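*Asks:* I'd like to ask some things about the structure below.
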Amino acid sequence: MTLNMGPQHPSTHGVLRVVLELDGETVLKAKPIIGYLHTGMEKQAEYKTYTQSIPQTDRMDYLAPLSNNLALCLSAEKLLGIEAPPRVQAIRVLLTELTRISAHCVWLGTHALDIGAMTVFFYCFREREKVLSIYDMVCGARMTASYFRVGGLASDIPVGLLDKCEKFVDEMPAHTDEYETLLSKNPIWLARTEGVAPLTAAQAVALGATGPTLRGSGVSWDLRRNQPYSGYEQYDFDVPVGKSGGDAYDRYMVRVNEIRQSTRIAKQAIQKVRAMGEQGEYRLRDYKYVLPSKEEVKTSMEALIHHFKIVAHGFFPPVGEAYQAIEAPKGELGFYFISDGTPRPWRMKVRSPSFVNLQTLPTMVEGRLVADVITAIGSLDIVLGEIDR
Amino acid sequence: MADPRPQGLSPEVVEQRLRERFPDAEFRRQMGEAVRDHTLYLPADRLVEVCTFLRDDPELAFTMLVSVSGVDYLPRDPRFEVVYHLLSIPKNARFVLKVEVREEDPKVPTVTGVWPTANWLERETYDFYGIAFTGHPDLQRILLPEEWVGWPLRKDSPLGYQEVAFTHNTPDREKPDPDLKKLAPKKVKYRAH
Amino acid sequence: MAEPKNENPFRVLTPRPASESVVAPVTGTPAELEQSVREEVERGILFTSVEKMVNWARANAIWPLGFGLACCAIEMMAIVGPRFDISRFGAEVFRASPRQADLMIVAGRVSVKMAPVVRQLYDQMPDPKWVISMGACASCGGVFNNYAIVQGVDKIVPVDVYVPGCPPRPEGLIHGIMKLQEKIMASRVELGPVVPKKKTKKGAA
């Protein structure tokens, strides 16, 4: 029997369509069909400057918008050959780790909701509201922040942000314990996720999986530790790795432990930012590529001309190309820019982690029961905005 | 604090090993002021061999294909390029391979046999540029509807921008009533609660 | 009274004699009458029209279809969450099947591949049905004006309320739902099928 898990489905986390061939309850073949949210972002980026593409990236992985902004900014900075100042790097790390916590909370809430645990959904969204109010304080928007810019931030962080972050970070471990109490040793949870949707390490690497999907299968690969960016080598954190064959329970444990490690990193980042000053420089002083501050624009002629050029045309990067990847909550998110010297990129390619991770679905699910398809999709943590771009 | 990263394999060593192993293949290093990753051009017919070697050689071990992207350099001949980004997890190294594709015969052999992840990545490149991958198990459109005609990311395909109707470009629109009393808010009569 | 054998055994209510009337006869001055009406009302009698009652019921028990497409879907999930509680408005029951839903909140950008699916889902919903277009992408194409996105879902389905924002705050969406409730309360209701008047023929029967 061929069954269509259509684009409108309560558990497919967006508009994913999976065509299943079933024999009773056993899945013989599973074919994911995507493209129902294709937005043409890569084509549109060729008509916009680098800074104008930053709001587009918010809409890609919409659960972790600041991560996407960071990936674009780092890739553009690699192309330009500049590096953001240390205070900016620390703020970026802080906000990206809070984003990771919020994205994993949504994942946990919706995954648990699919499997049947409704309480976890409400608890996780309560935590997420706190992170969203931090976003609101920093840039004005709850979800689609567009706060990072090439060479720095859009504006300095407001007074009181660090206290709010610290309060959140201090109470987060207790909440994580709450989620674990509800789920980790729950017999229903274990029956639904242990041994379900396994993915061996060799399969994961061959299929290109990255992020918690790869780490759940036992491969210890995390870009924050192995190829650090934005000052991550200065932070002290562990990388959780799955231990029992890469099933859904492993991926769950990896992500819950990642929430704990992110809390740890965020605490260290807050100390760093406090040490460098709660208010201070938030942009690189390289006026060829980065906007100068308003005081300088009003006093210095050079800064005025640079400001005008950058706002009217955009900055002119050198002719070349660069690929920079970050460890987004879903996996390796990379931006590949090819520049031809004009303010608009010649090509922007987004290497999105969920697109590649979704390819592992048939391997995980063939030969198993239909109900495991829901668990598998949930444990992969896919976001259709990122897959379809 | 000691640097926890394992020491990576340098890309020059990778290029050297490739040249030693395939002395007759025409490799060309991409040079440029801002080419930030070590990139090698190679001919399309040697692609599968080179990739198999890169994956299987124990000192290189490029076991993961990170991304496949197509690029359209329209007025230039060869018009297209396909860019492969590789990652070696055991050796902590990245490498970039490029294949030039001509417009008259846009075909490239598939690397799905080397890395199964190339399945969807090549389908996406086919979908956007029309570059056919010979030997691909399931070459069809992936992101656009199946009945779509055309290759949207080519430089001669339009963006599809639709003119938005503003007041400055719709002179024949219906103008609002100049009587301002009509704008006064009415009391809402129907309340649900 | 002897009951014949083929009478309905469940008819046990014997008619009361006229002398024992349950309802006391209503007499008195207009003020007393008004007072007695007030007392009855306080006991739970409501005077209204059927239309208002049906509209009130429909407005306060809207069941949305779970149709989140993109980022706006997350804000839609946030209104189900504890902080912006939508079950205060009767709309917490997000049905998975369009046959059981009466509100379709198009939350997110509608791509050209998804457009026929949106129309099919709209057609599968039974009357009365309403559509809220949530966010800038559903209302007019939003940030994305290119080959892949339908510039406004009102090109495919008729929309009742447009909620602007990218994404709209959950309070904004709740405001939109309240506006829709006002719209429902103000709408006409047809009860039963419309029966055409029978034409009487002169002459032959």
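The values are calculated or read from the model by the stated rules, or taken from the named source; none is laboratory data. Bear in mind that the values here come from a model prediction, so they are computed numbers and not experimental data. No Cβ is skipped: glycine too gets one built from the backbone with ideal geometry, and neighbour counts run over all protein chains shown.
*Asks:* What pairs come up if the first residue lies in region B:135-152 and is more than 21 Å from A:Leu384 (Cβ to Cβ), the second is among the hydroxyl-bearing types (Ser, Thr, Tyr) and surrounded by fewer than 17 Cβ atoms within 10 Å (Cβ to Cβ), and their beta carbons are under 9 Å apart, counting only those six or more places apart or on different chains?
*Replies:* B:Gly150/B:Ser157; B:Trp151/B:Ser157
*Asks:* What's the number of the condition B:Ala93 fails, among (1) more than 27 Å from A:Asp340 (Cα to Cα); (2) touching a Gly at 6+ places or on another chain (Cβ under 7 Å)?
*Replies:* Every listed condition holds for B:Ala93 apart from (1).
*Asks:* How about region B:61-75: which of its residues are crowded, with 22+ Cβ neighbours inside 10 Å and within 22 Å of B:Leu9 (Cβ to Cβ)?
*Replies:* B:Phe62, B:Met64, B:Leu65, B:Val66, B:Ser67, B:Val68
*Asks:* Out of region A:50-94, which residues are surrounded by fewer than 24 Cβ atoms within 10 Å (Cβ to Cβ), of a type in the set (Lys, Arg) and more than 18 Å from A:Glu327 (Cβ to Cβ)?
*Replies:* A:Arg87
*Asks:* Right, something else. Of the residues B:Tyr84, B:Tyr73, B:Tyr161, which is under 27 Å from A:Leu207 (Cβ atoms) and of a type outside the set (A, V, I, L, M, F, W, C)?
*Replies:* Result of the check over B:Tyr84, B:Tyr73, B:Tyr161: B:Tyr84.
*Asks:* Continuing with the same structure: So which residues in region B:29-56 are acidic (Asp, Glu) and either crowded, with 16+ Cβ neighbours inside 10 Å or within 14 Å of B:Ala93 (Cα to Cα) (or both)?
*Replies:* Matches in region B:29-56: B:Asp37 only.
*Asks:* Further question: Which condition breaks for A:Asp177 when tested against (1) surrounded by 17 or more Cβ atoms within 10 Å (Cβ to Cβ); (2) charged (D, E, K, R); (3) farther than 30 Å from A:Lys288 by Cβ; (4) more than 14 Å from chain C (Cβ to nearest Cβ)?
*Replies:* (1)
*Asks:* Right, another one. Tell me, which residue of region C:39-63 that is in a helix (DSSP H, G or I) and of a type in the set (A, V, I, L, M) is farthest from the other protein chains (Cβ to nearest Cβ)?
*Replies:* C:Val41
*Asks:* So which of B:Glu26, B:Glu81, B:Glu104, B:Glu20 is buried (at least 18 other Cβ atoms within 10 Å of the Cβ), without any contact (Cβ under 8 Å) to a residue 24 or more places away in the chain and farther than 29 Å from A:Arg224 by Cα?
*Replies:* B:Glu81
*Asks:* Could you tell me which residue of region C:64-108 is surrounded by the fewest Cβ atoms within 10 Å (Cβ to Cβ), considering only residues that are assigned to a loop (DSSP other than H, G, I, E, B) and within 15 Å of the chain's Cα centre (by Cα)?
*Replies:* Out of the qualifying residues, it is C:Glu92.
*Asks:* Taking the conditions exactly as written (more than 14 Å from chain A (Cβ to nearest Cβ), on the phi < 0 side of the Ramachandran plot and part of a strand (DSSP E or B)), does B:Val149 satisfy them or not?
*Replies:* no
*Asks:* Right, here's the next one. Does region A:97-118 contain any residue that is surrounded by 24 or more Cβ atoms within 10 Å (Cβ to Cβ), over 24 Å from C:Gly81 (Cα atoms) and not β-branched (Val, Ile, Thr)?
*Replies:* no
*Asks:* Does B:Phe95 qualify as being under 30 Å from C:Val112 (Cα atoms), in contact (Cβ under 8 Å) with a residue 24 or more places away in the chain and in a strand (DSSP E or B)?
*Replies:* Considered against the rule, which asks whether it is under 30 Å from C:Val112 (Cα atoms), in contact (Cβ under 8 Å) with a residue 24 or more places away in the chain and in a strand (DSSP E or B), B:Phe95 comes out as no.
*Asks:* Go through (1) part of a strand (DSSP E or B); (2) without any contact (Cβ under 8 Å) to a residue 40 or more places away in the chain; (3) not hydroxyl-bearing (Ser, Thr, Tyr) for B:Phe53 and report which single condition fails.
*Replies:* (1)
*Asks:* Being at pLDDT below 90 and either more than 28 Å from A:Tyr62 (Cβ to Cβ) or outside any strand (DSSP E or B) (or both) is true for just one of A:Phe308, A:Phe315. Which residue is that?
*Replies:* Answer to the check: A:Phe315.
*Asks:* Taking only region A:361-389 into account, find how many residues are part of a loop (DSSP other than H, G, I, E, B) and of a type in the set (A, V, I, L, M, F, W, C).
*Replies:* Qualifying residue count for the region: 2.
*Asks:* Here is a further query. Can you tell me which residue in region B:107-118 is farthest from the other protein chains (Cβ to nearest Cβ), limited to those that are outside any loop (DSSP other than H, G, I, E, B) and surrounded by fewer than 22 Cβ atoms within 10 Å (Cβ to Cβ)?
*Replies:* Of everything passing the filter in region B:107-118, B:Lys107 is farthest from the other protein chains (Cβ to nearest Cβ).
*Asks:* I would also like to ask the following. Based on what the data block shows, is A:Arg126 at pLDDT 90 or above and out of contact with any strand residue (DSSP E or B) (no Cβ under 6 Å at 6 or more places or on another chain)?
*Replies:* no
*Asks:* Related question: Inside region A:219-239, can you point out the residues that are of a type in the set (Ser, Thr, Tyr) and in a helix (DSSP H, G or I)?
*Replies:* A:Tyr232
*Asks:* Could you list, in sequence order, the residues of region A:334-361 that are over 28 Å from A:Thr144 (Cα atoms), facing chain B (nearest Cβ under 10 Å) and not small (Gly, Ala, Ser)?
*Replies:* A:Asp340, A:Thr360
*Asks:* Here is a follow-up. Taking region B:153-183 as the region of interest, how many residues are away from every other protein chain (no Cβ under 14 Å) and either touching a Ser or Thr at 6+ places or on another chain (Cβ under 6 Å) or not charged (D, E, K, R) (or both)?
*Replies:* Number of matching residues: 9.
*Asks:* Restricting to region A:318-358, give me the number of residues that are surrounded by fewer than 24 Cβ atoms within 10 Å (Cβ to Cβ), farther than 24 Å from A:Val239 by Cα and not aliphatic (A, V, I, L, M).
*Replies:* 10
*Asks:* Only residues that are closer than 22 Å to A:Arg92 by Cα, touching a Pro at 6+ places or on another chain (Cβ under 9 Å) and not basic (Lys, Arg): list them for region A:281-308, please.
*Replies:* Within region A:281-308, A:Glu281, A:Tyr282, A:Leu284, A:Tyr289 meet the criteria.
*Asks:* Do we have any residue at all in region B:128-139 that's closer than 16 Å to B:Arg46 by Cα, more than 9 Å from chain A (Cβ to nearest Cβ) and in a strand (DSSP E or B)?
*Replies:* Checked region B:128-139: at least one residue is closer than 16 Å to B:Arg46 by Cα, more than 9 Å from chain A (Cβ to nearest Cβ) and in a strand (DSSP E or B).
For every residue, the table says whether it meets (1) out of contact with any strand residue (DSSP E or B) (no Cβ under 9 Å at 6 or more places or on another chain); (2) more than 14 Å from every other protein chain (Cβ to nearest Cβ); (3) part of a loop (DSSP other than H, G, I, E, B); (4) acidic (Asp, Glu).
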{"site": "A:His9", "(1), (2), (3), (4)": "no, no, yes, no"}
{"site": "A:Leu20", "(1), (2), (3), (4)": "no, yes, no, no"}
{"site": "A:Leu63", "(1), (2), (3), (4)": "yes, no, yes, no"}
{"site": "A:Leu66", "(1), (2), (3), (4)": "no, no, no, no"}
{"site": "A:Ala71", "(1), (2), (3), (4)": "no, no, no, no"}
{"site": "A:Leu74", "(1), (2), (3), (4)": "no, no, no, no"}
{"site": "A:Leu95", "(1), (2), (3), (4)": "no, yes, no, no"}
{"site": "A:Cys105", "(1), (2), (3), (4)": "yes, no, no, no"}
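*Asks:* For region A:19-43, which positions are of a type in the set (Gly, Ala, Ser) and crowded, with 16+ Cβ neighbours inside 10 Å?
*Replies:* Within region A:19-43, A:Ala30, A:Gly35, A:Gly40 qualify.
*Asks:* Another question about this same structure. Here are A:Ile265, A:Ile259, A:Ile270: which of them is within 16 Å of A:Thr96 (Cβ to Cβ) and touching a Ser or Thr at 6+ places or on another chain (Cβ under 6 Å)?
*Replies:* Among A:Ile265, A:Ile259, A:Ile270, only A:Ile259 is within 16 Å of A:Thr96 (Cβ to Cβ) and touching a Ser or Thr at 6+ places or on another chain (Cβ under 6 Å).
*Asks:* Okay, next question. If we scan region C:133-149, do we find a residue that is surrounded by fewer than 19 Cβ atoms within 10 Å (Cβ to Cβ) and under 22 Å from the mean Cα position of the chain (by Cα)?
*Replies:* no
*Asks:* Just name the residue that is farthest from A:Met5 (Cα to Cα) out of those in region C:151-169 that are within 14 Å of chain B (Cβ to nearest Cβ) and in contact with a strand residue (DSSP E or B) (Cβ under 7 Å, 6 or more places away or on another chain).
*Replies:* By that ranking, first place goes to C:Val161.
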